[in-house]
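The values are calculated or read from the model by the stated rules, or taken from the named source; none is laboratory data. All figures in this text were calculated on a predicted structure; none of them were measured in a lab. With ideal geometry, Cβ positions are generated from the backbone for all residues, glycine too; neighbour counts draw on all protein chains shown. Calculation scope for accessible area: heavy atoms of the full protein, side chains included, ligands and nucleic acids excluded. Shrake-Rupley method; radii C 1.70, N 1.55, O 1.52, S 1.80 Å.
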Amino acid sequence: MASHGVARVSGPNASVRSEELRQKELKQIAAYKDLVDLVNTKETQYTVEVLGLTTKLLNENPEYYTIWNHRRRILLTLLPTGLVQDSPPPKPDPAALDIVNGDLQLTFALLRKFPKCYWIWNHRNWILEKGQSIFDSASALTLWLGELQLVGKMLHSDSRNFHAWSYRRFVVARLELIRTRTPTQQSLTESEFEYTTKMIKSNLSNFSAWHNRSQLIPRLLEERVADSAARRKVLNDELALICTAINTDPFDQSIWFYHQYLMSTLSPQCAPQKMIVRDLSNLDRQKYYAHEMEYIREILDDETECKWIYEALLCCASCYLEVDGGTEAFTTLDMREWLRELKRLDPLRKGRWEDLGRRLDI
Amino acid sequence: MSLVSGPGRAGMADTPVELQLFVDKHVRYIQSLDTRKDELEYWLTEHLRLNGLYWGITALHLLGQPDALPRQGIIDFLLSCLHGNGGFGAAPGHDAHMLYTVSAVQILATLDAFDEFEERIKGGRKRIGQYIADLQDRETGTFAGDEWGERDTRFLYGALNALSLMGLLHLVDVEKAVEHVHSCANFDGGYGTRPGSESHAGQVFTCVGALTIAGRLDLVDQAKLGAWLSERQLKNGGLNGRPEKKEDVCYSWWVMSSLAMLNKLHWIDGEKLTAFILQCQDPEGGGLADRPGDMVDVFHTVFGIAGLSLLKYPGLQEVDPVYCMPRAVTKRCLGK
């Protein structure tokens, strides 16, 4: 009822199935409906047998959310009553371990086939939460470390899957929570930051990775107890990274959004907890803006047809004007010229550029 | 190929073929949806039945054919999906969930059937409201989809949508809900499924919609979000949902409705988008697909048509960008 990317068959015979195919489909329907009826008549039977039937049905239709609910009701009877998290059991119950592993395998196999199905991700979350409450900390840690590996695999096959990215943040939070009870290092911020670097380096267009990076930076600085010099180094390194990225592909919008993010952290209006450098003077700001404008203008020498360059120049210029009205780094004439280029190169968004001209009063 | 122009579209005879909306074909396509019981797909998508009905009915109303499906049959079907706790399942025998409960309320509103519903189920409206309200996490303001606890800004929006249509917003902590939405805002001005999640046009629609219902659009970084949304338009005129992704007709709705709520529809090229949406029609069997040449479905059909309505395509009823329902209906329910 909501198909994506499936080609339409057209022509005179498009909607006419051969009688053979029709009969085959009718048989499939009958078998499917029989299975659905069988599961539904056993709705109140919380047994291993019915659990097996739900497995069969969910393999045929993982979108059938009621069956996932039914499965959870069965699991709740089969699993030992959850213990409070503060006092994990001394030893995991082998039968419980089997059940949890069974559901992890089921959802893993289904996610390989249906990586965007909300219900499967949701069930995996649920079974892990259950597992966490009935396992000792060592088994729980193994469980969640396995999840980190799994989500790595998922992102390897589709580096933009937002379910997988969301799940990754969730797994990391869980692992960090467990590690607060162990003498090992607690936070995964540094390794997750490294992970985004790795993802970006293999594909600059990965906006999901850039986004996660922007989420990690404030935590990274906090955890490093970074002083002003350390914070300036992080900012400069990020600007250098994005500068290289822009040089590689100035037409990629993911890169420019991250550039905008870095610029927004410079602004006096930026919330203090989101600032990368907290003690910027207006003179510092001017230097940063001027430096950005300088290298972006250099790219302009080779790349006159890229609208993102003009947009970034106007953005930096308007930031600059907020901290210093009487700049010599550029003129109103320059700004008018950039706006004219924007309108020429990007007629789709003409209305936006007209509004921008009015806002900047140029 | 038949080039029938739809009702109420006088003067369309001069419209070039590629700019025609095949109204009659779409109406017949939607009417045919419940007759496809000899297709496995019909049974595999039973978990979407109530959503599908909302999509179909909304499309028909926007096409100016509100009576193309039998009203009584629809209301009877809705009641067969209602649970004792006030929630609706996707179809009879399916568990109650926020997603279907919202669709049910939207259908009742569109059919102007709240009084009739109340006659058949005493205190029914209040019970639905309570079901929704009980799914709010009073600590964080967010909403779960059902008793199993998945949380997502889609459910929060759905809750505010349905409750406001029934005049029952006071059952929940709107201020906390607003705080939660605000905590999902990203540096690009957009919103994700939960705090920390990447901006996604579908989620932007739910968050901006929720804030609009709550009267708190002042919390949105409108210039940034408008810019991000306008960059969803690709050279072929279609819109994508995130940077560097492919275009898809359903984003015509998620992106454009958000731009409309921010009063920035003019930040994209409407003519090119109109042409793109129209190319996604199946001119023979009716219905719209995600992209030209793909299989149609009722989900893309309604969001394509609703998109065309926002683009003021001639002959279509006006759509409300906040609710994805006919504006005349939301005016009646909200009194504004």
Between A:Asp158 and B:Asp24, take the C-beta separation as r, use R0 = 35 Å, and let me know the FRET efficiency to the nearest 0.05.
0.30
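Magnitude of the Cβ-charge dipole of the range A:25-135, K/R +1 and D/E -1, about the Cα centre, nearest 20 debye? Before the final figure, lay out each step's value.
On the way: 13 positive and 12 negative charges, 46 e Å.
With Lys and Arg at +1 and Asp and Glu at -1, about 220 debye.
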Buried by partner chains in the range B:210-243 (accessible area down by at least 50 Å² vs chain alone, 1.4 Å probe, heavy atoms, protein only) are B:Glu231, B:Arg242, B:Pro243
If you take each beta carbon of peptide B:187-198 and count the beta carbons of other chains within 10 angstrom, what is the mean?
6
Solvent-accessible area buried by pairing B with A, both sides, nearest 100 square angstrom, 1.4 angstrom probe
5600 Å²
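Which value at 222 nm does chain B reach when only helices count, each DSSP H run of 4 or more adding -39,500 (n - 2.57), with the total divided by all residues and rounded to the nearest 500 deg cm²/dmol?
Values: 15 runs with 158 residues, N = 336.
Per the formula, -14000 deg cm²/dmol.
Helix-only estimate, please: 222 nm mean residue ellipticity of chain A, summing -39500 (n - 2.57) across DSSP H runs of length 4 or more and dividing by its residues, to the nearest 500.
After summing the helix terms and dividing by the residues of chain A, the value is -23500 deg cm²/dmol.
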Contact-by-burial set, the range A:148-170, min loss 30 Å², accessible area of protein heavy atoms with 1.4 Å probe, reference chain alone, gives A:Arg160, A:Phe162, A:Ser166, A:Arg169
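Set the Förster distance to 22 Å, then compute FRET efficiency between B:Ser80 and B:Asp38 from the Cβ-Cβ distance, nearest 0.05.
With a Förster radius of 22 Å, E is 0.50.
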Straight-line reach from A:Lys274: which lysines have Cα under 21 Å away, leaving out those fewer than 8 places along the same chain?
A:Lys233, A:Lys287, B:Lys224
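Just the number, please: carbon plus sulfur as a percent of the accessible area of the protein assembly as shown, 1.4 Å probe, no ligands or DNA/RNA counted. The partial results should precede the final answer.
On the way: 15500 of 29210 Å².
With neighbouring chains kept in place, the figure for the protein assembly as shown is 53 percent.
Explain nothing, just the number: dipole magnitude of the range B:208-289 about its Cα centre with +1 on each Lys and Arg Cβ and -1 on each Asp and Glu Cβ, in debye rounded to the nearest 20. Could the numbers behind the result be given before it?
Working: 9 positive and 10 negative charges, 55 e Å.
Roughly 260 debye for the range B:208-289.
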Of the residues B:Gly87, A:Met335, A:Thr41, the Cα lying farthest along the dipole of the protein assembly as shown towards its positive end, which is defined by charges on the beta carbon of Lys, Arg, Asp and Glu, belongs to A:Thr41
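On average, how much accessible surface per residue is there in chain A, in Å², for a 1.4 Å probe, leaving out ligands, DNA and RNA? It would help to have the intermediate numbers written out before the result.
On the way: 17510 Å² over 362 residues.
Computed with neighbouring chains in place, this is 48 Å² per residue.
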Theoretical gain in end-to-end length, A:Glu25 to A:Lys201 [0.36 nm per residue, Cα-Cα removed]:
58.6 nm
Can you give the relative contact order of chain A as a percent, counting alpha carbon pairs under 8 Å and 6+ residues apart?
8 percent
Mean other chain Cβ within 10 Å across A:343-352 is 5
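What area, in nm² and to one decimal, does the C-alpha convex hull of the range A:25-135 cast on average over all directions? Spell out each step's value before the answer.
Details: hull surface 29.6 nm².
Convex hull of Cα atoms, orientation-averaged projection: 7.4 nm².
So if each residue of separation counts as 0.36 nm, and I subtract the Cα-Cα distance between A:Val9 and A:Asn247, what length gain in nm does that give? Intermediate results must be reported in sequence, preceding the final value.
On the way: separation 238, 0.36 × 238 = 85.68 nm, distance 4.32 nm.
Extending this stretch completely gives an extra 81.4 nm.
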Can you tell me the accessible area per residue over the range B:201-284, all protein chains present, probe 1.4 angstrom, in square angstrom?
30 Å²
Can you give the relative contact order of the range A:258-331 as a percent, counting alpha carbon pairs under 8 Å and 6+ residues apart?
31 percent
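So how strong a dipole does the protein assembly as shown carry about its Cα centre when Lys and Arg Cβ are +1 and Asp and Glu Cβ are -1, to the nearest 20 debye? The partial results should precede the final answer.
Working: 79 positive and 91 negative charges, 140 e Å.
My answer is approximately 680 debye.
Taking only the C-alpha atoms, wrap a convex hull around the range B:5-334 and report its volume per residue in Å³ as a whole number. The partial results should precede the final answer.
Details: hull volume 42.6 nm³, N = 330.
It comes to 129 Å³ per residue, whole-number rounded.
Tell me the chymotrypsin sites (Phe, Trp or Tyr not before Pro) within the range B:14-87 that lie in a loop according to DSSP and have at most 14 other beta-carbon atoms within 10 Å. Before the final figure, lay out each step's value.
Details: sites: B:Phe22, B:Tyr29, B:Tyr42, B:Trp43, B:Tyr54, B:Trp55, B:Phe77; in loops: B:Phe22.
Filter output for the range B:14-87: empty list.
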How about the range A:271-348: which chymotrypsin sites (Phe, Trp or Tyr not before Pro) there are in a DSSP loop, with at most 14 other Cβ atoms within 10 Å of their Cβ?
none
Kirkwood-Stokes translational diffusion coefficient of the protein assembly as shown, alpha-carbon pairs, 25 °C, 0.890 mPa s, µm²/s
90 µm²/s
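Any idea what the relative contact order of chain B is, in percent, if you count C-alpha pairs under 8 Å spaced at least 6 apart?
Values: 573 pairs, mean separation 60.0, N = 336.
Once divided by the residue count of chain B, the mean separation gives 18 percent.
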